[in-house]
Amino acid sequence: MSRAAAAVAVLAGVLSAQKQDFGAAYSFAERAPRTVLERTIDKLLPSIVKVHGASGLSTITSYATGIVVSDKGHILTLDQILVQKGRTRVVLYDGSVHQAEVLPADDRLRVRLLRVDPAEVEGGLHPIWPKQGDGPLFRTGQCVVSLGNCFRLAEFSEKVSATFGVVVGRANTALRYRLADVQYDGDLILTDACNNPGHYGGGLFDLDGNWIGFNTRLLESKETNTMLSAAIPSRDLLPYLDEYVNGKVQAESPKVVRPVYTGIVLFEPSGRTSPPAYVDRVVKDSPAAAIELRPDDLIVRIDDYSVRSCKEFRDVLAKFGPGAKVQLTYKRGTVVHQAALTLAEEKQ
Amino acid sequence: MIAVTAALVLLPQDPDLAAVRASEQRRVEVVARCAAAVCSVGDMSSPGGGSGVIFDPAGFVLTNYHVVGDPVRPKGDKPAEEVRPTPPEPPHAELEAWQQAHPDAPADERAQFVAAWQGRWRDEHWPTGKYHWHNKKVGLPDGEVYEAVVLGIDPGSDLAVLRLLPKAPGQTWPACAFGDSDQLLVGETVFAMGNPFLLATDFTPTVTFGIVSGTHRYQEGGGNRMLVYPDCIQVDAPVNPGNSGGPLFSEAGEIIGINGRISIGDRGRVNVGVGFAIASNQIVNFLGDLLAGRHAEHGTLDMSCWYMTAPREQTQRRGVFVQQMYKDSVAAAAGLSLGDEITSFNGVHVRSANQLATLIGVLPAHAWVTLGFRPTIGDGYGDERVVPIRLSPLDTGSSADAKADAERLASRENRRLATAALCRQWPAQDQGTGVTFTLVSGTERQQFRRQGERLRVDRGDLSLVRTGRGAGFAIENGKVRDSTAEEAAFLERQFAGNTLLWTSGQRSQQLDGSLLVGGAHVLGAPAWRFALAGDGEIEALVFRDGSPAGCVLRDPLRRQRVELHARSGVAQLIADGAIDKACKLEGPTAGAIADDVFGRPQ
C-alpha cells in the first residue's frame, strides 16, 4: 500500500470509529445487517467469547460462553466448567486465543470472572455492562435474543449461536432451592429462547441490545422430565462485578455465609443414603436445649421448608444466618410439636 | 352487536399493531404459497419417512439421502432387476399396424416384434448402474399421493432427488425456487416446513418459525465421511424427526436449505432449538449430478490441516498448516508439502481449519479451485503461491458403490425430461444476430465468429469457415483450399457444443436431442452438462440461468480432450486434464457479422 493510500485508510478508520465494522474478523464475507434483530446481534457478537476449561472429566462440560465486562480484560462466565489456572483459554470473536487468569467465584450466583491481558488483544475488547437505569429490567412477554456457544458449534472466529424467544416469566427459586433439582437460590428470568450445554455463560438481551440476563444452567425437573431455559437477571450480578471489576468493596460480601449453631446432633448411621432427621442428642445450654428438644424427636419442618432427611436439615439451615428465629416442627412419638428456635453463630 | 362493531371500527389504529398485522399477513401468504410445494416422503412398503420439497414444476423433489434409505442391492452376480419397471405390452395401435403389414406372420415372429419393442422400451426407461430403489410414496398437501422414482443420490452430504410420476400426461406441480444461502445473516427470520412425527395424515405440512442461529457451520458425518454437513445453516425453528428432507424457507419464500439433522444434547431425539439445514448454495452445486441420476461425489484435496501456532516461528501467530497428506494427492502434485501454511482457497482468506473444510466440502469432485499457500523454506515460510488444483473425489463409505456405479445414470426418459425442464427455466429471448469471441492462450489467438448456420474460426495464418452443415473451406496463408476432415470435424464440434457460440434464442434448439449427464463446477458456479448427439463426445456446459459456461469435446486439431470453462469474461482451458494458465477470453459479444466474413474468396 502506498503512503497516500495508507493515510486515506487511517483517516477512514478515524471517521468510521463510531461505526466499527467487525465483519473482517469473521471467516465468511456477509451482507450488512438489515433488521433490528440482525443489527442488535451484529453489535453484540464482539462482546461474546468462547471459554474452554481443562477437559478430562467427562461429566463436566469443559466449554462455555463468556461476556466481556471491562476493557481491563474481565470476562464473566459460569462457575461450572472446570477451570484450572493456566488451563483456561478464552477465544475472542476474532478467533484470537488467550490464556485467562482465574478470579474468585461468587458462590451464591455460581458465576466467575476470568481475566485476559488487554495488552495482548489486538482487535480491542468490546465490554458490555448490565442494563442501566431504574426502569424494569425486563417484562414478561418481551422479545429477547440469547447468545452463546451451544454444543461448541462455533470455533475460533466463527460466530456463536443466536436464539430468539420471549420472556416467559420470572421465577424465585428460593423455596425450591436444593430441595428439587434447582441449584440456584434467587430470581431467574425464564425464557423460551433455547439454552443448551455450552450456551451457559452467554447473555440474554432485549432487542435494543441491553444486557438483561446471564444464561445459567437449565432448570431441570427429573420428576416431570422437563427443562426450562433460565437466566440470572443481569442486575443481580452488579455487586460481584463491582467488587472485582471496579474494585468496590461490598459493605457485606454476599458470598460470605456464616454458619449457624443449634446444638442439635442428628442420628446418622453410616450406610443409609438419606436418613430421616432424628435427634441423637442435644448439647447442653444450646438453642435446642432452650426449647427442650430431646433425643429421638423427629424434625419434619423448619419454617415452610419440609425436612425429609439429615441432608435437607443442613441445607435448609444454611439458608439462614445467625440470630434468625425459625419455627421448628418436630414429632415426639405420635404428637407433633412446634417451637421457635433462635439460631446462634457457630464458634470456630 | 352493531354498537360493538361500530365501536371497534371507531377505535384509533395503533400504528405498531398495524405493522405487526401487515407483517403477519405477508407471512401467512408466503407460507400458503410455499406449503403447496412441501411433500411427505415415505416408502411403498414400510412405515416411517420424511419430508421433501418440489423445486421444479416438472415434479423434481429434493429430500435427504437418509430419508430415501438403502437401495435394493444385487444378490450375488444377478443385478437387482426386480425394482426396474416392467416393460408394458406394445400399444394396441402399433400391434394392429404390424399385424396388417404382416398378415401371414407366424406367432413366434409376432413375439419377436413384441420383444424388440420391449427392448427399446427398456433402453428408454431403465437406469444404468447395478442397484436401484423401490419407488417412493410422496404425499402432497392437496391430499394426493404420487409414486416417485429415485434419481440421484449424494450420500456424502445427505441429499437425494426424486421425480414424481404424473397421474395425467403433462401434469405440473407447484414448485419453489432456490434462494442464495450466502446472503443469510444471523438473526434473519426463517421457517421450516415438513411432516414431523408424520403428524399430518393429509400431508398438510407443519410450519415452524425461528431465526438463523448460525451460518457456515461444519458438522461432521457418520463413519467414512458420509452424511457430512459441510456448510449448514443453524436454526432455532423447531426441527424434529420427520422434518428430514423438508425445506427451510427464507422470509421471501425461497428454499435456502434442506433440514436434515439436529443437535440434541441429553434430551432424547427431539428438538432443543438447534437444527441444521444443508445450505442451498451447496445443493445447487450437486443438482446436475442428482438430476442426471448420478451418485454425486464430493471433492477433496486429500490432506488434513490444523489451526495452530506457526510451528516454525518464534511468535504466537496462528494459522492453518498442512498436517497429513497423501503422497499421490492432488495437493502434493500441485507442490504442497507437510507443514506448509494454507492462506487462501478460491480467493477467500482461510482463517481456520473448519472454514477450509467448509469451503472444500461444498464443492463436487473434479472442480477446479485455487489454493494459496506459503511453502516451508528453511526455518520459516516462503512467499505466498497460488496454484490451480482439480479436486479429487472424496472416498466415502459408499465409494465402492460409487466406483462400480461411476456411470450410474437415470433412465434416458428421465434425463430427457430433466433436460426439457431445465430448458424451460431459461428466458426465451430474441434470436441473436451473431456472436463473436476470442480465446487467447499465450501467443495463440483464436477468434470465433458465428452467424446463423455459419461459423468462422481464425487461428493465426489459418482460417476455417463453416458455411452450412458439413460444408466449408479453409484459408491458409491467404490461399483458399478445401478443409481437411479434422478441420471440418473441429468446426462441427465447436458449432454443436460450444455454448459461447449459441445465441440465447437457440439454446433449446441446440439442446434438442441432448441428454443431461451431470453437473460441473465452472469457475466457481454450478453448471449443467449435456451430452450432445454426434461424434467427439461433445458436452455442452450451461449455467443454471441458461448463460453459456463452455464445452467439453475432443479437439481434432490439438488431438486432445479439451474443456473450455468460461464465466463473465474469464476462461479456463484444460487440455487432457492439464490446465492452461495463460488462457484469456475476450467476449462473447452479440452483433451482426458481415456476410463477406463467411464468403469464399475467389
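The values are calculated or read from the model by the stated rules, or taken from the named source; none is laboratory data. Values in this document were obtained by computation on a predicted structure and should not be read as measured data. Cβ atoms come from the backbone with ideal geometry, glycine included; neighbour counts cover every protein chain shown.
For the range B:205-221, a residue qualifies if it is surrounded by fewer than 23 Cβ atoms within 10 Å (Cβ to Cβ), more than 12 Å from chain A (Cβ to nearest Cβ) and outside any strand (DSSP E or B), and exactly one does: B:Gly221.
B:Asn477 satisfies every condition listed in (1) crowded, with 18+ Cβ neighbours inside 10 Å; (2) on the phi > 0 side of the Ramachandran plot except (1).
Please find, within the range B:305-321, the residue that is surrounded by the most Cβ atoms within 10 Å (Cβ to Cβ) out of those that are part of a strand (DSSP E or B) and touching a residue at least 40 places away in the same chain (Cβ under 8 Å). Working first, answer last.
If we filter the range B:305-321 for residues that are part of a strand (DSSP E or B), which is where we start, we get B:305-309, B:318-321.
Cutting the leftovers down to touching a residue at least 40 places away in the same chain (Cβ under 8 Å) gives us B:305-307.
Details: B:Cys305: 23, B:Trp306: 13, B:Tyr307: 21.
Top of the filtered list is B:Cys305.
Scanning the range A:146-159 for residues that are out of contact with any helix residue (DSSP H, G or I) (no Cβ under 7 Å at 6 or more places or on another chain) and under 10 Å from A:Ile48 (Cβ atoms) yields A:Gly148, A:Asn149, A:Ala154. Scanning the range A:291-333 for residues that are in contact with an Asp or Glu (Cβ under 9 Å, 6 or more places away or on another chain), basic (Lys, Arg) and crowded, with 17+ Cβ neighbours inside 10 Å yields a single hit, A:Lys319.
Residue-by-condition table, conditions (1) over 29 Å from the mean Cα position of the chain (by Cα); (2) modelled with pLDDT of 90 or more:
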| position | (1), (2) |
| --- | --- |
| B:Ala421 | no, yes |
| B:Gln425 | no, no |
| B:Phe448 | no, yes |
| B:Leu455 | yes, yes |
| B:Arg493 | no, yes |
| B:Ser504 | no, no |
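Does B:Val149 satisfy the condition of being within 26 Å of the chain's Cα centre (by Cα) and crowded, with 21+ Cβ neighbours inside 10 Å? Spell out the reasoning first.
Working: within 26 Å of the chain's Cα centre (by Cα): yes; crowded, with 21+ Cβ neighbours inside 10 Å: yes.
Yes.
Rundown of residues vs (1) in contact with a His (Cβ under 8 Å, 6 or more places away or on another chain); (2) within 23 Å of B:Val562 (Cβ to Cβ); (3) part of a loop (DSSP other than H, G, I, E, B); (4) of a type in the set (D, E, K, R), yes/no style:
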site	(1), (2), (3), (4)
B:Arg424	no, no, no, yes
B:Val440	no, yes, no, no
B:Arg449	no, yes, no, yes
B:Leu455	no, yes, no, no
B:Leu464	no, yes, no, no
B:Phe473	no, no, no, no
B:Ser483	no, yes, yes, no
B:Glu487	no, yes, no, yes
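Given (1) closer than 22 Å to A:Asn149 by Cβ; (2) touching a residue at least 12 places away in the same chain (Cβ under 8 Å); (3) surrounded by fewer than 21 Cβ atoms within 10 Å (Cβ to Cβ), where does B:Ala277 come up short, assuming only one miss? Looking at each condition in turn, B:Ala277 falls short on (3).
Would you check which residues across the range B:222-247 are away from chain A (no Cβ under 14 Å) and touching a His at 6+ places or on another chain (Cβ under 9 Å) and list them? Don't jump to the end; show me each part of the working.
Narrowing the range B:222-247 to residues away from chain A (no Cβ under 14 Å): B:222-228, B:241-247.
Listed by number, the residues that qualify are B:Arg225, B:Leu227, B:Val228, B:Ser244, B:Gly245.
I'm trying to understand the selection: among the residues of the range A:180-208, which are within 13 Å of chain B (Cβ to nearest Cβ) and buried (at least 19 other Cβ atoms within 10 Å of the Cβ)? Steps first, answer last, please.
Narrowing the range A:180-208 to residues within 13 Å of chain B (Cβ to nearest Cβ): A:191-200, A:202, A:205, A:207.
Result: A:Thr191, A:Ala193, A:Cys194, A:Asn195, A:Asn196, A:Pro197, A:Gly198, A:His199, A:Tyr200, A:Gly202, A:Phe205.
Let me confirm something: among B:Val228, B:Val272, which residue is surrounded by 21 or more Cβ atoms within 10 Å (Cβ to Cβ), among the aliphatic types (A, V, I, L, M) and free of Cβ contacts under 8 Å to residues at least 60 places away in the same chain?
Working: B:Val228 fails: free of Cβ contacts under 8 Å to residues at least 60 places away in the same chain.
Among B:Val228, B:Val272, only B:Val272 is surrounded by 21 or more Cβ atoms within 10 Å (Cβ to Cβ), among the aliphatic types (A, V, I, L, M) and free of Cβ contacts under 8 Å to residues at least 60 places away in the same chain.
Tallying residues that are modelled with pLDDT of 90 or more and either farther than 28 Å from B:Pro393 by Cβ or among the hydroxyl-bearing types (Ser, Thr, Tyr) (or both) within the range B:219-233 yields 0.
Yes/no per residue for (1) surrounded by fewer than 24 Cβ atoms within 10 Å (Cβ to Cβ); (2) in contact with a Cys (Cβ under 6 Å, 6 or more places away or on another chain); (3) within 14 Å of chain B (Cβ to nearest Cβ); (4) within 29 Å of A:Arg314 (Cα to Cα):
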{"residue": "A:Leu137", "(1), (2), (3), (4)": "yes, no, no, no"}
{"residue": "A:Asn149", "(1), (2), (3), (4)": "no, no, yes, no"}
{"residue": "A:Gly165", "(1), (2), (3), (4)": "yes, no, yes, no"}
{"residue": "A:Glu220", "(1), (2), (3), (4)": "yes, no, yes, yes"}
{"residue": "A:Leu241", "(1), (2), (3), (4)": "yes, no, no, no"}
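The combined condition, being closer than 20 Å to B:Arg493 by Cα, part of a loop (DSSP other than H, G, I, E, B) and at pLDDT below 90, is fulfilled by B:Arg558. Every condition in (1) under 24 Å from B:Asn281 (Cβ atoms); (2) at pLDDT 95 or above holds for B:Gly50 except the one numbered (2). Within the range B:172-181, is even one residue aromatic (Phe, Trp, Tyr) and modelled with pLDDT of 95 or more? Yes, because at least one residue in the range B:172-181 is aromatic (Phe, Trp, Tyr) and modelled with pLDDT of 95 or more.
Going by the structure shown, is B:Gly372 out of contact with any Lys or Arg (no Cβ under 6 Å at 6 or more places or on another chain), among the small types (Gly, Ala, Ser) and at pLDDT 90 or above?
Details: out of contact with any Lys or Arg (no Cβ under 6 Å at 6 or more places or on another chain): yes; among the small types (Gly, Ala, Ser): yes; at pLDDT 90 or above: yes.
Yes.
When B:His295 is evaluated against the numbered criteria (1) within 27 Å of A:Val166 (Cα to Cα); (2) modelled with pLDDT under 90; (3) away from chain A (no Cβ under 14 Å), which criterion, by number, is the only one it fails? Unmet for B:His295, out of (1) within 27 Å of A:Val166 (Cα to Cα); (2) modelled with pLDDT under 90; (3) away from chain A (no Cβ under 14 Å): (1). Of the residues making up the range A:302-318, those that are modelled with pLDDT of 85 or more and over 14 Å from A:Leu328 (Cα atoms) are A:Ser309, A:Cys310.
Does any residue of the range A:63-78 turn out to be more than 12 Å from every other protein chain (Cβ to nearest Cβ), part of a loop (DSSP other than H, G, I, E, B) and modelled with pLDDT under 55?
no
With a requirement of 1 or more residues that are under 13 Å from A:Ile67 (Cα atoms), the strands (runs of 3 or more DSSP E) lying completely within the range A:202-246 that satisfy it span A:203-206, A:211-215.
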